[in-house]
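The values are calculated or read from the model by the stated rules, or taken from the named source; none is laboratory data. Bear in mind the structure is a predicted one, so any value in this text is a computation, not a measurement. Quick reminder, even Gly has a Cβ in these numbers, built from the backbone with ideal geometry, and neighbours come from all protein chains shown. Surface areas here come from the heavy atoms of the whole protein model, side chains and all, with no ligands, DNA or RNA. Shrake-Rupley method; radii C 1.70, N 1.55, O 1.52, S 1.80 Å.
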Number of protein chains: 2
Amino acid sequence: MARISDIIELFIKELLDEAHNQSVEIQRNELANYFNCAPSQINYVLTTRFSLDKGYLIESRRGGGGYIKIVQINIDRQQHIKLILDQVGNSIGKMKATGIINVLKNRELITERECIIMRAAISDRTINTPVNIKDDIRANIVKGMIIALFNDCGRE
Amino acid sequence: MARISDIIELFIKELLDEAHNQSVEIQRNELANYFNCAPSQINYVLTTRFSLDKGYLIESRRGGGGYIKIVQINIDRQQHIKLILDQVGNSIGKMKATGIINVLKNRELITERECIIMRAAISDRTINTPVNIKDDIRANIVKGMIIALFNDCGRE
DNA sequence: TAAACTAAAGTCAAAGAAAGTCAAAACGGA
DNA sequence: TCCGTTTTGACTTTCTTTGACTTTAGTTTA
């Protein structure tokens, strides 16, 4: 029931919190062993929960003494908005879109209430169109809202 | 003979009553199993009895650890919101939708920034779908945003 | 020093676990 | 009987978990 991926995600985020330098190194096999899961599960967590659009950078090394390093990137607002708009592209799924909106909130670029509004606007149920265009519309909505809110970016 | 849909509806409403925060999470298959009906019956109940117009928000996730979450606004305490939802209806043009959003702002129910986000979300350019469904989607988005904002969880 | 070994991490696809969709069949009231 | 509502089930989509196989890098050995 409780997703192991979520538990691992939380664990890593706690590690990041503790490490004040906003980056942390793990051993894939060790972690997999600790959580009693397949090592590739760690990769799954990293790609789905610690992707670039969520504000993380992964760097790693194989072989003896290998490691995986998770870095929380810290960029200024303008760059960040630009990065996010790029990540949205012309089509975006609900998961990814929600992730992006959450990042905006975590970085305190939007408030809790604004976050709630945005998430509602891109929910799968509200955009009840044929599947094939759903993600396109969602991309437009996400970008539209972000641009409207931060349209001073780029100016001055 | 009592319709199973009505029984399920009641059951969910009881769950919502018990839940302090006016929101509840269910497992579709589990519930279907409990009531001995087809899983898709649950979807039927949700779409016919827990629609946006009735003041409910549904959010869900597939795959392992999936769930369906039903959120309710307190219609009694917020009759004015219900009135606004009714005004939106099943389909709404950009002009009228913008008007409603402006009313929310004038009554200081939403901030200037929230107003900007909402207007962006329902603009004609962001909702780039075939004309015939554009106003339907817009109605959903407006209602979804309003319900999300005015349910009990949404208020910090 | 090159080859062999060991110790990591990466990839990818299949299997599993949910929920969603849609239309046909069944039901029930006017 | 007819028509709108409900029920059912086959099929689809999305997300997660697992495991076999690959790649890379350091270490040992002939």
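Shape class for chain A: prolate, because the ratio a/c of the largest to smallest gyration tensor axis (alpha-carbon atoms, square roots of eigenvalues) is 1.5 or more and a/b beats b/c. Decide, for region B:15-100, between rounded, prolate and oblate: order the square roots of the alpha carbon gyration tensor eigenvalues as a ≥ b ≥ c, take rounded if a/c falls under 1.5, and otherwise choose prolate if a/b is larger than b/c, else oblate. In terms of gyration-tensor shape, prolate.
Computed from Cα positions, the angle between helix B:131-150 and the longest principal axis of chain B comes to roughly 80 degrees.
Structure remark: mean-square fluctuation, Gaussian network model of chain B, C-alpha springs under 10 Å; the largest value among B:Gly65, B:Gly144, B:Gly99 belongs to B:Gly65. Rounded to the nearest 500, the 222 nm mean residue ellipticity of the protein assembly as shown from helices alone is -17500 deg cm²/dmol, with -39,500 (n - 2.57) taken per DSSP H run of at least 4 residues. Under a model in which nothing but the beta-carbon of Lys, Arg (+1) and Asp, Glu (-1) is charged, chain B shows a dipole of about 580 debye around its Cα centre.
Excluding ligands, DNA and RNA, what is the accessible area buried between chains A and B, summed over both sides, using a 1.4 Å probe, to the nearest 100 Å²? Before the final figure, lay out the partial values.
On the way: alone 9830 and 9520 Å², together 16610 Å².
The contact between B and A buries close to 2700 Å².
In the assembly of identical copies, A:Ile7 has its label point, taken 7 Å from Cα in the direction of the beta carbon, separated from the corresponding points by 3.6 nm (ascending, one decimal). Once backbone amide H atoms are built at 1.01 Å from N, B:Ile110 has B:Lys105 as its partners under 5 Å, excluding neighbours fewer than 5 places away on the same chain.
Looking at the square roots a ≥ b ≥ c of the eigenvalues of the Cα gyration tensor of the protein assembly as shown, which shape do they give, rounded for a/c under 1.5, prolate if a/b is larger than b/c, or oblate? In terms of gyration-tensor shape, oblate.
Relative to the longest principal axis of the Cα atoms of chain B, the long axis of helix B:4-18 lies at roughly 70 degrees. Counting only protein heavy atoms and using a 1.4 Å probe, the accessible area of B:Arg113 comes to about 90 Å².
With the whole protein complex present, B:Thr47 retains an accessible surface near 90 Å², based on a 1.4 Å probe. So what does the Cα-only Debye profile of region A:48-95 read at q = 0.21, 0.25, 0.31 Å⁻¹, as log10 I(q)/I(0), no solvent term? One equal scatterer on each Cα of region A:48-95 leads to -0.81, -0.97, -1.16.
With no solvent and one point on each alpha carbon, what is the Debye value of log10 I(q)/I(0) for region B:73-121 at q = 0.23, 0.25 Å⁻¹? At q = 0.23, 0.25 Å⁻¹ the computed log10 ratios are -0.92, -1.03.
Probe radius 1.4 Å, ligands and nucleic acids ignored: give me the carbon and sulfur share of the accessible area of chain B as a rounded percent.
On the way: 4030 of 8180 Å².
Carbon and sulfur together cover 49 percent of it.
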